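A.B. asks: Have a look at this one.
No lab work stands behind these numbers, since they all come straight from the coordinates. Treat the numbers as computed from the prediction; the structure is a model and nothing was measured. As a convention, Cβ positions derive from the backbone with ideal geometry for all residues, glycine included, and neighbour counts pool all protein chains shown.
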Amino acid sequence: MKKVYFKTFGCRTNLFDTQVMVSSMQKFELTDVESEADIVIVNSCTVTNSADSSVRSYINTLKDDARVYLTGCGAHTKGEQLFNDNKVFGVFGQSEKAKIDSILENEQRLYEIGDLEFIDDNVVESFAGKSRAFIKIQEGCDFRCSYCIIPFVRGDSRSINEKLILDQISKLAINGFGEIVLTGTNVGSYGKKMGTSIAKLMKKISQIRGVRRIRVGSIEPVQFDDEFKELLDEPWLEKHLHIALQHTSPTMLKIMNRRNKFSDDMKLFEHLHSKGFALGTDFIVGHPGESDEIWKEAMINAKNIPLTHLHAFTYSPRDGTESAKLKNNINGKVSKARLKELNTLIESKNLDFRNSHKVELEVLLEDEKDGIFKGYDQFFNKVVIESDEDLKGNWINIDKYDILGTHNHAKV
C-alpha cells in the first residue's frame, strides 16, 4: 500500500477535516514521516498572505517523486494557479474529503473544487496522535467583515445535525477523549437556522458520559447571549473563552465592518473576568486606516480590557474583499512594531493572571519528550511537567507549581 502523509495548516476546523480524510482512507497507509510518503496531502489555510506563502513554500520543499494534492481553504484561492503551474498533482475542495480513496486511486491529474453548500455528515471516532477531540459543528459564515476572505472559501453559515454531533462525541468519549473542542468557521452561529443554539448543544454534550471538559472555538461578542452566560458556572466549561474582537478601537471596528462595539466588549470581558475566566481574542494589526492616533487609542483600550491570550497578526489584503480596495495602507515595519508591542502587553497580562489565579490546575497532558510532558490547564495556559511516569494522554491535577514567563512548571 502506498504511504500518505498529511500536512495541516491553519485552524482547528482543518484539523477535523484532516481527521475525516484519515478516517475515510482504507486503501492507503498513513505515515507521520514525510520522507517515507508516496503521496502528500496539504490541507491549506488562506486567511492571510503569510498563510498562502507558507503553503507554497512547503510544497516547494517536497521531494520530486511525491504526488502532492492541495485541499482546504487555499484550494479555492490558490489551487488553480498551483495546479496550472504543475506544483500539485491534484486539487480538491473540502466537500470532497470523504472520497479520499477514489481521489488517490485516480492516476489522472485532478481538479475538483466541490461546492460551498455541503453540510458535513462525516463521523470521526478517533484523532491520531491527539488527546483532545476536535468536533466541527458548523461550516461557513454569514458575517461580511471587510478584510475577510473566509466566507468566500467556506460559504455561508450552515449547521451540522445535532444528533450526528452527539453520536460522534459519544463514540469519542468511549474511546477515551475526555476533552471536546467545538470548532467551525463561526461556531457561535450554530443552530440559528435550526431553532437551536450552541448553548443548548453544549448542555447536551455535557451530559454524555466520559466528557470531562468542553472547549469552544472563537465566538463573536454579539453571539454571547444570556443563554450562553447561564453556562459560566458549569464545571465542565473550560475557564478560558476566545472572543473575537479583531480590534479595540471603535473607529477601526467601523472600518472593518464589524458587528461588535468596544464599549459592549469591555462590559462583557469585565463580567467574564469577574467569573474567573482567562480571555483570548483575535486582533488584526495594521489594517488600512489604522492611524497613529487610532493605534494609541487601541493600546489604551487593550491595557484596560482583561485579556490573557492573543492571536494577532498583521493585515494582508485578500483579493475580492472590501478592505483590499482601501488606499490608506500602513507601512509594514510600522505594523510589525505594533504587533510586537501588543504581543508584549498581552504576555505581561497573562503572567499577571497566572500569578493572581494560583489555584489547582487540571491539566490534560498531550506531548512527551525525554520525560518532559506538555499540556494545557483549564485556563488554556501551557503547563510543563517533569515525571518518571508515563503520563501522556492523562489528566493530572497539580497544586504545587512554579509560574514562569511563558508557562507553568511542575515536577510529579
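A.B. asks: If you place +1 on the Cβ of every Lys and Arg and -1 on the Cβ of every Asp and Glu, how big does the dipole about the Cα centre of the chain come out, in debye to the nearest 20?
C.D. replies: Roughly 800 debye, rounded to the nearest 20.
A.B. asks: A follow-up question, please. Give me the distance in nm between label points sitting 7 Å out from Cα along the Cα-to-Cβ direction at Val412 and Asp282, one decimal.
C.D. replies: Result for the modelled spin labels: 3.3 nm.
A.B. asks: What fraction, in whole percent, of alpha-carbon pairs in the stretch 361-411 exceed 12 Å separation?
C.D. replies: Counting pairs separated by more than 12 Å, the tail of P(r) holds 55 percent.
A.B. asks: Turning to a different aspect of this structure: Would you mind estimating how fast the stretch 3-112 diffuses translationally, via Stokes-Einstein at 10 °C and 1.306 mPa s with the Kirkwood radius over Cα pairs, in µm²/s?
C.D. replies: For the chosen part, D equals 117 µm²/s.
A.B. asks: Now for a separate question. Using the Cα centre as the reference, give the magnitude of the dipole from point charges on the C-beta atoms of the stretch 237-345 (Lys, Arg: +1; Asp, Glu: -1; all else neutral), rounded to the nearest 20 debye.
C.D. replies: It comes to approximately 100 debye.
A.B. asks: Alpha carbons only, please: Rg and Dmax for the chain, in angstrom.
C.D. replies: Both quantities, over Cα of the chain: 21.5, 61 Å.
A.B. asks: For a label point 7 angstrom out from the Cα of Asn304 toward its Cβ, which stretches of the stretch 246-273 have the backbone nitrogen within less than 12 Å?
C.D. replies: Under cut-off, by backbone N: 249-250, 262-267.
A.B. asks: List the extent of the Cα atoms of the stretch 239-357 along each of their three principal axes, largest first, rounded to whole Å.
C.D. replies: Its Cα atoms span 44, 28, 24 Å along the three principal axes.
A.B. asks: Which one, Leu391, Thr406, Leu361, is farthest towards the positive end of the dipole of the stretch 361-411 when Lys and Arg carry +1 and Asp and Glu -1 on their Cβ?
C.D. replies: Thr406
A.B. asks: What relative contact order, as a whole-number percentage, does the chain give when Cα pairs under 8 Å and 6 or more residues apart are counted?
C.D. replies: 10
A.B. asks: What's the magnitude of the charge dipole for the stretch 3-112 around its Cα centre, counting Lys and Arg as +1 and Asp and Glu as -1 at the beta-carbon? Answer in Debye, nearest 20.
C.D. replies: 280
A.B. asks: Which trypsin sites (Lys or Arg not before Pro) does the stretch 278-332 hold that lie in a coil by DSSP with at most 16 other beta carbons within 10 Å?
C.D. replies: Hits after loop and neighbour filter: Lys327.
A.B. asks: A further question on this structure: What FRET efficiency, computed as 1/(1 + (r/R0)^6) with R0 = 22 Å and r the Cβ-Cβ distance, is obtained for Asp101 and Arg212, rounded to the nearest 0.05?
C.D. replies: FRET efficiency, Asp101 to Arg212: 0.05.
A.B. asks: Counting other beta carbons within 10 Å of each residue's own, what order do Glu162, Glu341 fall into, fewest first?
C.D. replies: Sorted ascending by nearby Cβ count, the order is Glu341, Glu162.
A.B. asks: Once the Cα gyration tensor of the stretch 140-252 is diagonalised, what are the square roots of 5 times its eigenvalues, in whole Å and ordered largest first, as equivalent ellipsoid semi-axes?
C.D. replies: Equivalent-ellipsoid dimensions as semi-axes: 26, 17, 13 Å.
A.B. asks: If you don't mind, another one. Any chance you could run the full-extension gain for Lys87 through Glu117? It's 0.36 nm times the residue separation minus the Cα-Cα distance, nm to one decimal.
C.D. replies: Once the chain is fully extended between Lys87 and Glu117, it gains 8.0 nm.
A.B. asks: Under 4.7 Å Cβ to Cβ, no partner at all: give me those cysteines from the chain, in residue order.
C.D. replies: For the chain, the answer is Cys11, Cys45, Cys73, Cys141, because their Cβ atoms have no other cysteine Cβ under 4.7 Å.
A.B. asks: Here's something else I'd like to know. By how many nm would the segment from Thr251 to Asp319 lengthen if fully extended, with 0.36 nm per residue of separation less the alpha-carbon distance?
C.D. replies: Here the segment from Thr251 to Asp319 would lengthen by 22.2 nm.
A.B. asks: Work out, in µm²/s and without decimals, the Stokes-Einstein translational diffusion coefficient of the stretch 68-162 at 4 °C, 1.567 mPa s, Rh from Kirkwood over C-alpha pairs.
C.D. replies: 87
A.B. asks: Which loop-located GluC sites (Glu not before Pro) does the stretch 75-135 contain, where loop means any DSSP state but H, G, I, E or B and the Cβ has at most 15 other Cβ atoms within 10 Å?
C.D. replies: Answer in residue order: Glu107, Glu117, Glu125.
A.B. asks: So for the stretch 239-357, averaging the separation of alpha carbon pairs under 8 Å that are six or more residues apart and normalising by length, what relative contact order in percent results?
C.D. replies: Reported relative contact order: 29 percent.
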